[in-house]
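One structure is given here, and the rest of the page talks about it.
The values are calculated or read from the model by the stated rules, or taken from the named source; none is laboratory data. Values in this document were obtained by computation on a predicted structure and should not be read as measured data. Note: ideal-geometry Cβ built from the backbone for every residue, glycine included; neighbour counts use all protein chains shown. For the accessible areas, the whole protein counts, side chains as well, though only heavy atoms, and no ligand, DNA or RNA atoms are used. Shrake-Rupley method; radii C 1.70, N 1.55, O 1.52, S 1.80 Å.
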Amino acid sequence: MALIAKGLDGIVVDNTSVSQVTSETSSLIYRGYRAQDLADQCTFLEVAYLLWHGELPTRSQLADFSKSESAHRSIDPALIEALRHIPLQAHPMDIVRTGVSWLGMEETDTLHMDMPRTELAALKLLAKIPTIIAVGYRVKKNLPIIPPKPDLPFSENFFNMTFGKIPAPEVLKAFEVSMVLYAEHSFNASTFTTRVVTSTLADIYSAVTAGICSLKGPLHGGANEEVMHMLIEIGEPSKAQAWVDDALAQKKKIMGFGHRVYKKQDSRAPTMDRYGRALAKTLAQPKWHDIATIVEKTMIEKKNIYPNLDFPTGPAYYLMGFDIDFFTPLFVMSRIAGWSAHIIEQMKANRLIRPLSEYTGPEERPVKPLDQRG
Ligand code: COA
């Protein structure tokens, strides 16, 4: 019998120069830079540039890149019209998936997208996904749509399109930090999905649509939404310890904890936690972080399991004013940077991804004609 690595646990499937996850030190570097250092010192657009070009931009390279990004923010009126007709119960991840799929239909001959067209499509996706998310948000709330403003920086423009105003600098910084920390994470499930689709020579829009589907699940990106649902269900710091004890006694998974690769602390989590707590202090809303402190302490004491990035991101996005079901779309808005870098890397050294399986069904047997099957 072949050795089976369920969940591809421990299997190295290819090389990558985009990022490195190191299990022993629980660290993450993008093109050589620690993710938490980038979060402290760089904007999301600088990091997207780094992921795509391998180096941080100079001031003039960044100016050109920002100009190209802002030039592509608008979405076609036909797509806005299509989004106006979404079923109102639709999960925002399904709205983004549909929007990205639509963008693919705007291209000609997607079966033959060469490298320059793919790179341009990556830029369009980076610029237009925030617009799709904001339109989805406003349609769901029956609010007038606010078009993108090319003169605003990336995050300011997104907040303006979504809420009609630009928040305080602390909110913007915490949001940018989340964008930088979510941007890339080697061969996680959704990135691997985009590489599998790309390996068949399907186009970037198909790969990203599939990546969004993969990210939606609560064992992956959807965990940030589950974290906030949990904090709300717990309700008060005084109830947190008993809630976690009870959940663990019932063998429930506590969302926002644990990781396939990291054995200790996810190196991104303390950075996001720091900015989230600063935000809570500015807004004088300490409750969610007080509950989170007890949940985290209990998980480490009882299970030796540490928070992953989704744990601090959940309450931070909540405090910024986002509805819970929009948390994972925000993850998409950032991870498009990493997905695109991997899609391009896969295209440059492609081989069809096609693993094997160990068959456990019936032995080979003859087909009985229908009238002999009883
Ligand atoms: N809460 C409680 N127990 C957990 C746990 C969690 N969040 N994560 C892992 N464990 C426990 C499992 O119950 C299991 O215990 P057992 O060996 O006694 O059965 C053990 O740790 C291994 O867990 P397993 O689910 O097999 O690990 P995995 O590598 O397959 O899964 C995750 C990794 C991320 C899917 C898993 O930790 C999880 O489901 N976390 C919650 C969802 C989440 O936050 N996802 C975002 C990831 S960035």
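Which residue, 144, 218, 92, has the most motion in a Gaussian network model of the chain that connects Cα atoms within less than 10 Å?
So, out of 144, 218, 92, the one fluctuating most is 144.
With θ taken as phi - 60° and the coefficients 6.51, -1.76 and 1.60, list the Karplus ³J(HN,Hα) couplings across the stretch 226-238 in order, rounded to whole Hz; mark glycine and proline as x.
4, 4, 5, 4, 5, 4, 5, 5, 5, x, 9, x, 5
Can you tell me the length gained on complete extension of the stretch residue 359 to residue 142, counting 0.36 nm per residue apart and subtracting the Cα distance? Before the final figure, lay out the partial values.
Details: separation 217, 0.36 × 217 = 78.12 nm, distance 5.13 nm.
Additional length available on full extension: 73.0 nm.
Enumerate the lysines that residue 281 could reach by cross-link, defined here as Cα to Cα under 30 Å, with residues fewer than 8 away along the same chain left out.
The qualifying lysines are 141, 165, 173, 239, 253, 264, 297, 302, 303.
What's the carbon and sulfur percent of the stretch 134-204's accessible surface, probe 1.4 angstrom, rounded to a whole number? Working shown, then result.
Numbers: 1600 of 2550 Å².
Carbon and sulfur: 63 percent of the exposed surface of the stretch 134-204.
Please report, in debye to the nearest 20, how large the charge dipole of the chain is about its Cα centre when each Lys and Arg carries +1 at its beta carbon and each Asp and Glu carries -1 there.
Numbers: 41 positive and 42 negative charges, 94 e Å.
That gives a dipole near 460 debye.
By how many nm would the segment from residue 246 to residue 367 lengthen if fully extended, with 0.36 nm per residue of separation less the alpha-carbon distance?
Values: separation 121, 0.36 × 121 = 43.56 nm, distance 5.22 nm.
Full extension from residue 246 to residue 367 adds 38.3 nm.
When the accessible area of the stretch 225-372 is computed with all protein chains present and a 1.4 Å probe, what percentage of it is carbon and sulfur? Before the final figure, lay out the partial values.
Working: 4230 of 7910 Å².
That fraction is 54 percent.
Just flag the GluC sites (Glu not before Pro) in the stretch 22-55 sitting in loop per DSSP whose Cβ has no more than 13 other Cβ atoms within 10 Å.
On the way: sites: 24, 46, 55; in loops: 24, 55.
Those satisfying the criteria are 24, 55.
Per DSSP H run of n ≥ 4, the term is -39500 (n - 2.57); total these for the chain, divide by its residue number, and report the mean residue ellipticity at 222 nm rounded to 500 deg cm²/dmol. Before the final figure, lay out the partial values.
Working: 16 runs with 215 residues, N = 374.
For the chain, the value works out to -18500 deg cm²/dmol.
If you roll a 1.4 angstrom probe over the protein chains with everything in place, what fraction of the accessible area of the stretch 1-131 belongs to carbon and sulfur, to the nearest %? It would help to have the intermediate numbers written out before the result.
Details: 3920 of 7220 Å².
With neighbouring chains kept in place, the figure for the stretch 1-131 is 54 percent.
What accessible area per residue, rounded to a whole number of Å², is obtained for the chain using a probe radius of 1.4 Å? It would help to have the intermediate numbers written out before the result.
Numbers: 18520 Å² over 374 residues.
Normalised by residue count, the accessible surface of the chain is 50 Å².
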